[in-house]
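Here's the structure, in structure tokens; my notes come after.
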Amino acid sequence: RQSAINLVEQVLNSNKKIVIDADGLNIISEHIYLKDKLNNNVIITPHIGEMARLVMKSIYEVKNNIISIAEEFAKKYNK
């Protein structure tokens, strides 16, 4: 598991254009310091559950505020 965390961190540090999905998103949501490495080169593709973990809200909250939560997240991390 540590090697997967290290890999995600290395990819985020690369400043290359990347797409992160599934386990990559789960790793980022579990290791909050990695969120600070998100930038405008990173595209994330979370489903509702993954987004809920990323923003630390319930699935219900995300479902009912999906646009505003996505916009807020993008503004915060699209540096």
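Every read-out reported here was derived from the displayed coordinates using simple, explicitly stated rules and does not represent laboratory data. Quantities reported herein were computed from a predicted structural model and do not represent experimental measurements. Virtual Cβ from ideal backbone geometry, glycine too; neighbours counted across all protein chains shown.
Filtering the range 54-63 to residues that are part of a helix (DSSP H, G or I) and either in contact with a Cys (Cβ under 8 Å, 6 or more places away or on another chain) or surrounded by 11 or more Cβ atoms within 10 Å (Cβ to Cβ) (or both) leaves 54, 55, 59, 61, 62, 63.
Scanning the range 15-53 for residues that are surrounded by 12 or more Cβ atoms within 10 Å (Cβ to Cβ) and among the small types (Gly, Ala, Ser) yields 24, 29, 49, 52. For residue 5, are the conditions met, namely being in a helix (DSSP H, G or I) and either touching a residue at least 60 places away in the same chain (Cβ under 8 Å) or surrounded by 18 or more Cβ atoms within 10 Å (Cβ to Cβ) (or both)? It is false that residue 5 is in a helix (DSSP H, G or I) and either touching a residue at least 60 places away in the same chain (Cβ under 8 Å) or surrounded by 18 or more Cβ atoms within 10 Å (Cβ to Cβ) (or both). Restricting attention to the range 8-53 and to residues that are assigned to a loop (DSSP other than H, G, I, E, B) and among the polar types (S, T, N, Q), the residue that is farthest from residue 75 (Cα to Cα) turns out to be 14.
Out of 12, 38, 25, 54, I need the residue that is in contact with an Asp or Glu (Cβ under 7 Å, 6 or more places away or on another chain), of a type outside the set (Ser, Thr, Tyr) and in contact (Cβ under 8 Å) with a residue 12 or more places away in the chain. Which one? Give the derivation first.
Working: 12 fails: in contact with an Asp or Glu (Cβ under 7 Å, 6 or more places away or on another chain); 38 fails: in contact with an Asp or Glu (Cβ under 7 Å, 6 or more places away or on another chain); 54 fails: in contact with an Asp or Glu (Cβ under 7 Å, 6 or more places away or on another chain).
Result: 25 is the single residue among 12, 38, 25, 54 that is in contact with an Asp or Glu (Cβ under 7 Å, 6 or more places away or on another chain), of a type outside the set (Ser, Thr, Tyr) and in contact (Cβ under 8 Å) with a residue 12 or more places away in the chain.
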